[in-house]
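Report on the following structure.
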Amino acid sequence: MSTIAEKILGEKSGKGREGKVEAGEIVECEVDYIMVNDITGVPAFEVLDELGVELDEEMKKEKVVVVQDHYVPNKDVDSAEQAKALRNYARRYGIVNYYEIGKEGSGICHQVMIEEGFAAPGRLIIGADSHTCSYGALGAFSTGVGSTEAAAAMATGRLWFKVPATQKFVIDGELKRYVMGKDIILHIIGDIGVSGSLYKAQEFYGTAISNLCLSDRITISNMAVEAGAKAGIIPPDEKVFEFLNDSSRLRGDYKPVYASDAEYEEVFEYDASEIVPTVAKPFSPDNTVPASELDVPIDQAYLGSCTNGRIEDLRIAAEIMKDKKVNQEVRMIVIPASKRVFERAIEEGLILIFLKAGAFVCGPTCGACLGGHMGVLASGERCISTTNRNFIGRMGHKDSEVYLANPAVVAASAVEGKVTDPTELEM
Amino acid sequence: MRTRIWKFGHNVDTDQIIPAEYLTTGDAKKLAAHAFAKVRPEFAKEAKEGDIIVAGANFGCGSSREHAPRALLGAGISCVIARSFARIFFRNSINLGLRLIEADVFDKIEEGDKIEIRFDAGVIKNLTSTKKEEYKFKPLPEFMQKLLNSGGLINYIKKQK
């Protein structure tokens, strides 16, 4: 009689099956993993300093994950100081799971958490980054927190949660060509709005979801927060188990959790065949329109981020760009989400396709997604991007614009020099 | 000295509150110098101790950056009143000791109004001579009040030790 969120939070609160928890209740739970990055990590460790606690062995060796990803390679002196401070803190607190740029397992924090076997079904994971909800695609309850609470969880192993009500999303039917997980989630956010899931958890069901590859599911869970959701959970299936079994990096055991006779606050149903390649116009992810309806010239095309920087994303973009050129008026930037994705893309020849097309390619970083570096926009410039937010000034100047789209739309747009539905390229 | 009301719209995101390029420090005062830099540059210069923000729905959406409530605390903001808050911002604020009120007063309180807040009673009094109104709000759950009254999560943990 519970949603996935209620079950995981119930289990982790120690109340177990008998003392089940319900939406609205405030519970204190034991967390499985705690992730911080180069922006949120230093404030968290400063809090630990203030508390004057040392981490226990389990925290040091397993539960705390530190990833340098946002402003690395260091973008300026201030960010270099910040990365250095984080490096020193990780050493001082004895953090074993520390990910440095270029090294084995490194990349954008959420991709690292998934590739490195931290994310798995039934786990409760917090991260001091709002897109921590990404691991819902593997059946975890994962959610973004602030630096102070990350520190509190490191110190005590526990954190308070308000058990969220859950909305159920059912997407049935077959997706059209070039329609991806990104389009499903943009379509939903366009429908319910950026506060449509405020304080709530989302669960996703339907044939279109079960047919999706894991990468596209991660895109959906990743952007749950863009509707205000606390978590975006997809019940784990064979695709998830296969991924975890194939990866030798899975840590520990896991226990899949499913809803049973759950009470959902709302149920939304969508016909997958009606979803088209979708673009969110500035300055809000719910400002969505079909890509085919836009005739908007662009200055930059950005392919990357925790939302859409995986190998599947690079493959579909490369497929579109093979033997083509990036438009004369457009700079294209390609940033794989992790070192592993980068290596794989090289092995598969994708990177060469991008380079020959006239794109700029660099190693994994959050880069320009949040206006850090590697493609910051000038005033009046417009970027079509596979990232997750298009707020005012998100990618640079306050008078620049970001259009959010899937990797196929970004690739087609890069070639055409304007926002383009990739199906039009084939006509 | 008069408390100033700073009015903002709906869906004020954390990139507006503190743009990402300034996230190389966690210091509240340093962050405050860039609060709302892109959308309301006068805020950082003019905001004073005790000022109040009034906004619409989904205040603080977007990034989990705790730098957002820190910047507001650094600017002297004593309370944010909004129709609703994004959840991570909500948690961060309570954990840091920034008072939040969820109340639907977006159409009722204007910049220039003079208000008085009674947190325990859950009442906002609009003392503006032309208005003289009272708005009720639901006080925070007991657990969150306890956090706030301890001065945030860290002090709460210290007290528990």
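The values are calculated or read from the model by the stated rules, or taken from the named source; none is laboratory data. Just so it is clear, the model here is predicted, and its values are computed rather than measured. Positions of Cβ are generated from backbone atoms using ideal geometry, with glycine treated the same way; all protein chains shown enter the neighbour counts. Just so you know, the surface numbers come from the protein's heavy atoms only, side chains and all, with ligands and any DNA or RNA stripped out. Shrake-Rupley method; radii C 1.70, N 1.55, O 1.52, S 1.80 Å.
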Segment A:49-58: number of residues that are assigned to a loop (DSSP other than H, G, I, E, B), touching a residue at least 12 places away in the same chain (Cβ under 8 Å) and within 13 Å of chain B (Cβ to nearest Cβ): 1
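Could you tell me which of the residues A:Lys103, A:Lys84, A:Lys75, A:Lys61 is without any contact (Cβ under 8 Å) to a residue 12 or more places away in the chain and either open to solvent by 30 Å² or more (accessible area, probe 1.4 Å) or within 22 Å of the chain's Cα centre (by Cα) (or both)?
On the way: A:Lys103 fails: without any contact (Cβ under 8 Å) to a residue 12 or more places away in the chain; A:Lys75 fails: without any contact (Cβ under 8 Å) to a residue 12 or more places away in the chain; A:Lys61 fails: without any contact (Cβ under 8 Å) to a residue 12 or more places away in the chain.
Every option except A:Lys84 fails the conditions.
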The lone condition B:Gln145 fails out of (1) touching a residue at least 40 places away in the same chain (Cβ under 8 Å); (2) under 30 Å from A:Val53 (Cβ atoms); (3) surrounded by fewer than 19 Cβ atoms within 10 Å (Cβ to Cβ) is (1)
Unique match (being out of contact with any Pro (no Cβ under 9 Å at 6 or more places or on another chain) and within 24 Å of A:Ser130 (Cβ to Cβ)) among A:Val77, A:Val42: A:Val42
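For (1) crowded, with 24+ Cβ neighbours inside 10 Å; (2) farther than 13 Å from A:Val64 by Cα; (3) among the charged types (D, E, K, R); (4) touching a Ser or Thr at 6+ places or on another chain (Cβ under 8 Å), each residue gets a yes or a no:
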{"position": "A:Tyr89", "(1), (2), (3), (4)": "no, no, no, no"}
{"position": "A:Val96", "(1), (2), (3), (4)": "no, no, no, no"}
{"position": "A:Ile108", "(1), (2), (3), (4)": "yes, yes, no, yes"}
{"position": "A:Glu115", "(1), (2), (3), (4)": "no, yes, yes, yes"}
{"position": "A:Gly122", "(1), (2), (3), (4)": "no, yes, no, no"}
{"position": "A:Ala140", "(1), (2), (3), (4)": "yes, yes, no, no"}
Write out, first by first residue and then by second, each pair whose Cβ atoms fall under 7 Å of each other, whose residues are 6+ apart or on separate chains, and whose first residue, in segment B:81-98, is at the interface with chain A (Cβ under 8 Å from one of its Cβ atoms) while the second is surrounded by fewer than 24 Cβ atoms within 10 Å (Cβ to Cβ) and in a helix (DSSP H, G or I). B:Asn95/B:Leu147; B:Leu96/B:Leu73
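One line per residue, one yes/no per condition, for (1) assigned to a helix (DSSP H, G or I); (2) touching a Phe, Trp or Tyr at 6+ places or on another chain (Cβ under 8 Å):
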{"residue": "B:Leu73", "(1), (2)": "yes, no"}
{"residue": "B:Val80", "(1), (2)": "no, yes"}
{"residue": "B:Asn95", "(1), (2)": "yes, no"}
{"residue": "B:Lys108", "(1), (2)": "no, yes"}
{"residue": "B:Asp113", "(1), (2)": "no, no"}
{"residue": "B:Glu116", "(1), (2)": "no, no"}
{"residue": "B:Ala121", "(1), (2)": "no, no"}
{"residue": "B:Ile124", "(1), (2)": "no, yes"}
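From B:Ile88, B:Ile101, B:Ile109, grab the single residue that is modelled with pLDDT of 95 or more, within 10 Å of the chain's Cα centre (by Cα), crowded, with 19+ Cβ neighbours inside 10 Å and β-branched (Val, Ile, Thr). Steps first, answer last, please.
Values: B:Ile88 fails: within 10 Å of the chain's Cα centre (by Cα); B:Ile109 fails: within 10 Å of the chain's Cα centre (by Cα).
Criteria check complete, one pass: B:Ile101.
I need the full set of residues from segment B:118-136 which are free of Cβ contacts under 8 Å to residues at least 40 places away in the same chain, surrounded by 14 or more Cβ atoms within 10 Å (Cβ to Cβ) and touching a strand residue (DSSP E or B) at 6+ places or on another chain (Cβ under 9 Å), in order please.
B:Phe119, B:Gly122, B:Val123, B:Lys125, B:Asn126, B:Thr128, B:Glu133, B:Tyr135
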With respect to B:Lys158, determine if the residue is within 14 Å of another protein chain (Cβ to nearest Cβ) and under 19 Å from the mean Cα position of the chain (by Cα). no
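Being part of a loop (DSSP other than H, G, I, E, B) and either away from every other protein chain (no Cβ under 14 Å) or open to solvent by 10 Å² or more (accessible area, probe 1.4 Å) (or both), is that true of even one residue in segment A:143-154?
Taking segment A:143-154 and keeping what is part of a loop (DSSP other than H, G, I, E, B), we get A:145-146.
Going one step further and asking which of them are either away from every other protein chain (no Cβ under 14 Å) or open to solvent by 10 Å² or more (accessible area, probe 1.4 Å) (or both), we end up with none.
Looking for residues that are part of a loop (DSSP other than H, G, I, E, B) and either away from every other protein chain (no Cβ under 14 Å) or open to solvent by 10 Å² or more (accessible area, probe 1.4 Å) (or both), one finds none in segment A:143-154, hence no.
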Leading residue by the ranking (surrounded by the most Cβ atoms within 10 Å (Cβ to Cβ)) among those in segment A:320-341 that are without any contact (Cβ under 8 Å) to a residue 40 or more places away in the chain and over 18 Å from the mean Cα position of the chain (by Cα): A:Lys322
Subset of segment A:342-392, residues under 15 Å from A:Ser305 (Cβ atoms) and open to solvent by 20 Å² or more (accessible area, probe 1.4 Å), comes to A:Phe342, A:Val361, A:Gly363, A:Pro364, A:His373, A:Met374, A:Val376
Find all pairs meeting these conditions: Cβ atoms under 8 angstrom apart; at least six residues apart or on different chains; first residue within segment A:213-230 and more than 10 Å from chain B (Cβ to nearest Cβ); second residue acidic (Asp, Glu). A:Cys213/A:Glu312; A:Ser215/A:Glu312; A:Ser215/A:Asp313; A:Asp216/A:Glu312
Could you pull out every one of the helices (runs of 4 or more DSSP H) wholly within segment B:1-58 that has 1 or more residues that are more than 25 Å from A:Lys200 (Cα to Cα) and away from chain A (no Cβ under 11 Å)? B:28-32, B:42-46
What are the residue pairs meeting all of these: first residue in segment A:400-427, first residue closer than 12 Å to A:Val179 by Cβ, second residue hydrophobic (A, V, I, L, M, F, W, C) and in a loop (DSSP other than H, G, I, E, B), Cβ atoms under 7 Å, and 6 or more apart or on different chains? A:Asn406/A:Met180; A:Ala408/A:Met180
